[in-house]
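The values are calculated or read from the model by the stated rules, or taken from the named source; none is laboratory data. Small disclaimer: the values here were computed from a predicted structure and weren't measured. For neighbour counting, all protein chains shown are included, and Cβ atoms are generated from backbone atoms with ideal geometry for every residue, glycine included.
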Number of protein chains: 2
Amino acid sequence: MTEEQLSSYHPTLPPTTEEDRFSWLRLLRSRKVGPATFRRLLREHSSAQNALAALPEMARAAGIKGYEICPPGVIEAELKAAKAANAQLLCLGSADFPHALNDLTDAPPLLWAIGDVSVLRKPSIAMVGARNCSSLGARMARGLAADLGKQGYVVVSGLARGIDTSAHLAALNTGTVAVLAGGVDVIYPAENTDLARDIAQSGLRLSEQPMGVTPQARHFPRRNRIISGLAQAVVVVEAAAKSGSLITARDALDQGREVLAVPGHPFDARAAGCNLLIRDGATLVRSAEDVIEALPRQKADLFEASVPEIAPEPVALGATLHREILARLGPSPIAEDQLIRDIAATAGEIGPALVDLELDGRIQRQPGGLLSLTA
Amino acid sequence: MTEEQLSSYHPTLPPTTEEDRFSWLRLLRSRKVGPATFRRLLREHSSAQNALAALPEMARAAGIKGYEICPPGVIEAELKAAKAANAQLLCLGSADFPHALNDLTDAPPLLWAIGDVSVLRKPSIAMVGARNCSSLGARMARGLAADLGKQGYVVVSGLARGIDTSAHLAALNTGTVAVLAGGVDVIYPAENTDLARDIAQSGLRLSEQPMGVTPQARHFPRRNRIISGLAQAVVVVEAAAKSGSLITARDALDQGREVLAVPGHPFDARAAGCNLLIRDGATLVRSAEDVIEALPRQKADLFEASVPEIAPEPVALGATLHREILARLGPSPIAEDQLIRDIAATAGEIGPALVDLELDGRIQRQPGGLLSLTA
């Protein structure tokens, strides 16, 4: 009952009743059921309800003690939170589910969506890059996103600081999709709260995570596969060597998506990742035209769009807090509680900073709530 | 008797006597005899002397009236100038002729060399780029040339301002070859007089042109084929769109040489040519290691080399003169003499500036010594 890679695409019949949808959610939220297992169970048991009934016995047979399927109360709470947030459930196989994800071996069976789902019917380009990007990188992201928007492409990104933020902002008026690492109702980073709200109004926020889930480092790579999966091509705008954007680029290649990168001078460390990608065969991008030219031949839905307003760059907050955390940590793990007391910050303040540093690979979480510097 | 491209390589027996060398020079300096015709004539007539004897009749048969072979006095003067400049004649097919040029269809039959011809036996990398390069470009050229030198590669370039100058300077101690567009004894630009002298001491200056010839715009593309021909690979360090470096890169590809380019941010117009080359398949270069890795497998002659001293960048002279010339010229041609009088500069001062502007495509020479702005 572990996750497995399916080597071929098996069509899944979407749920048709409220009861069905409830069972889908419950099956997916049950322990040890990931996207691939979900699809296998559905195929083998022909419905989520049947799969749920069979799960405990299957777990027992696999040697897992005390296995229980997800309690109905958890699903009731999730549905209630979704209603409050005006979130809509998109189910694999249904008409409103993003078609681009259908052929992924680990396509999310369910997505929560807040906003205008019609943007999922348009051709899309993903833009990713450094959170601590240069002003040149931010300008490039804005220019590309605005021009791609004018050409009828929806810009998909991850609502992160830096490149993501610039890309979303420039594409607000023409269509943009933010795929979140946590719940679709949990905005991270907090400084992008207004942007997230604007995206929900004119574009779409998406997440495969349950409502209310706070993003953890392990959520981000899984989220990234959805960003690249939704798009025909992934443009890496600015990325240092060994950055998360390079992992997204590799995933994109595995998914059969075009990978493109904006070059920079070799003396600029922030271009190192992009230059590496180009050396490895990614298409060099100078402009939106270069992106469109690299796409597999397919006519874009052209539509009228006004020039997007460019909002000012958000001010980078928390740099001081990051430095303070790094100064307190060493190779020997200490408890997160202790760190919070030492720094005299609230858990609410320190939490996002820890996620940042974890994503940057600067700190590591150890079992038992312990933290250390990455060796 | 026009120039033709030879599709296969025909070995040429080099001259063995002084008389033979005289005849080679005389044949090559005769009107309408270029490198390909030279080789054809030598093949058909088995010696330069026989070819010279046959030339007038061949010209007559081809309908050329009043054809005369090069007078012996011209060759005597050239040999005298060569002796004064300590220049050595390298003949196609002889042991000291650069082997890398042997397989070019339009290899120069003769080259004048001043300096240490042993550098021609070492693996070589050509470095080319903008004359009006950025300080970033100059720094990159210095770094690449110094590192390639340490790895045992001779750096070949064209003694121009900008990238060429930086590359030569950084490779002075490890070996560098300057291929000149005019005579091997005519230093252009004048500001590189000291550098040209230093190259002749520790490296080599080369030219296929007769001694004393002032470089003309048409000489540069022909010279560039020798730069790329001498090298295993051509690195374009910084080049705007539509620059001469791109023509050199295309020639290099035709010659079967590797073409590499240093990327830059798309907002930097001075990187446009390099980014274009990379989009078209040139290897992206971040460091000397990237260059060496791209070479066809072949062991470099490693040799000890100290870290080259980096001389300060030469100050760009003549910018004011260039502006003055452009201001005086218009689309209607005026006489060069008139221009010199208008500007109150000497012909010696204005000549190099005119070559610069011609190379930049800013001005055009018309028949009868007339000059105009390029439309």
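To keep it simple, each residue is scored yes or no on (1) in a helix (DSSP H, G or I); (2) β-branched (Val, Ile, Thr); (3) surrounded by 24 or more Cβ atoms within 10 Å (Cβ to Cβ).
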| residue | (1), (2), (3) |
| --- | --- |
| A:Val186 | no, yes, no |
| A:Val234 | no, yes, yes |
| A:Glu238 | no, no, yes |
| A:Ala241 | no, no, no |
| A:Thr248 | yes, yes, yes |
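Only residues that are part of a helix (DSSP H, G or I), surrounded by fewer than 23 Cβ atoms within 10 Å (Cβ to Cβ) and either touching a strand residue (DSSP E or B) at 6+ places or on another chain (Cβ under 6 Å) or of a type in the set (Lys, Arg) (or both) were counted across the range B:252-269, and they come to 1. Does A:Thr193 satisfy being away from chain B (no Cβ under 14 Å), under 27 Å from A:Trp112 (Cα atoms) and touching a residue at least 60 places away in the same chain (Cβ under 8 Å)? For A:Thr193, the condition - away from chain B (no Cβ under 14 Å), under 27 Å from A:Trp112 (Cα atoms) and touching a residue at least 60 places away in the same chain (Cβ under 8 Å) - is not met.
Among the residues of the range A:115-149, those that are among the small types (Gly, Ala, Ser) and in a helix (DSSP H, G or I) comprise A:Ser118, A:Ser135, A:Gly137, A:Ala138, A:Ala141, A:Gly143, A:Ala145, A:Ala146, A:Gly149. Annotation note: Cβ proximity below 6 Å between a residue of the range B:85-109 that is closer than 16 Å to B:Ser207 by Cβ and a residue that is assigned to a loop (DSSP other than H, G, I, E, B) and β-branched (Val, Ile, Thr) (sequence gap 6+ or interchain) occurs for B:Ala87/B:Val184; B:Leu92/B:Thr12.
The residues of the range A:173-195 that are touching a Gly at 6+ places or on another chain (Cβ under 8 Å) and closer than 7 Å to A:Leu159 by Cβ, listed by number, are A:Ala178, A:Leu180.
Applying a threshold of 7 Å to beta carbon distances and a minimum spacing of six or more residues, or different chains, the list of pairs starting in the range B:4-33 at a residue that is under 19 Å from B:Ala53 (Cβ atoms) and ending at one that is of a type in the set (D, E, K, R) and at pLDDT 90 or above reads B:Thr12/B:Arg39; B:Pro15/B:Arg21; B:Leu25/B:Glu78.
Listed here are the residues, each with its yes/no results for (1) more than 11 Å from every other protein chain (Cβ to nearest Cβ); (2) out of contact with any Lys or Arg (no Cβ under 6 Å at 6 or more places or on another chain).
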position: A:Glu258; (1), (2): yes, yes
position: A:Val262; (1), (2): no, yes
position: A:Pro266; (1), (2): no, no
position: A:Ile278; (1), (2): no, yes
position: A:Ser287; (1), (2): no, yes
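Could you identify the single residue in B:Leu13, B:Leu27, B:Leu6 that is among the hydrophobic types (A, V, I, L, M, F, W, C) and at pLDDT 90 or above? Only one candidate passes the filter, namely B:Leu27. Just one of the numbered conditions (1) more than 14 Å from every other protein chain (Cβ to nearest Cβ); (2) farther than 24 Å from A:Pro296 by Cβ; (3) in contact with a Phe, Trp or Tyr (Cβ under 7 Å, 6 or more places away or on another chain) is not true of A:Leu136: (1). So in the range B:125-172, with the set limited to residues that are in contact with a helix residue (DSSP H, G or I) (Cβ under 9 Å, 6 or more places away or on another chain) and polar (S, T, N, Q), which one is nearest to B:Arg205 (Cα to Cα)? The qualifying residue nearest to B:Arg205 (Cα to Cα) is B:Ser157. A single member of B:Gly143, B:Gly152, B:Gly137 is under 27 Å from B:Ser243 (Cβ atoms), surrounded by 15 or more Cβ atoms within 10 Å (Cβ to Cβ) and touching a Lys or Arg at 6+ places or on another chain (Cβ under 9 Å), and it is B:Gly137. From the list B:Ala59, B:Ala51, B:Ala82, the lone residue that is part of a helix (DSSP H, G or I), small (Gly, Ala, Ser), without any contact (Cβ under 8 Å) to a residue 60 or more places away in the chain and touching a Leu at 6+ places or on another chain (Cβ under 9 Å) is B:Ala51. Given the criteria without any contact (Cβ under 8 Å) to a residue 40 or more places away in the chain, surrounded by fewer than 19 Cβ atoms within 10 Å (Cβ to Cβ) and under 17 Å from B:Phe22 (Cβ atoms), does B:Pro71 qualify? The answer is yes for B:Pro71.
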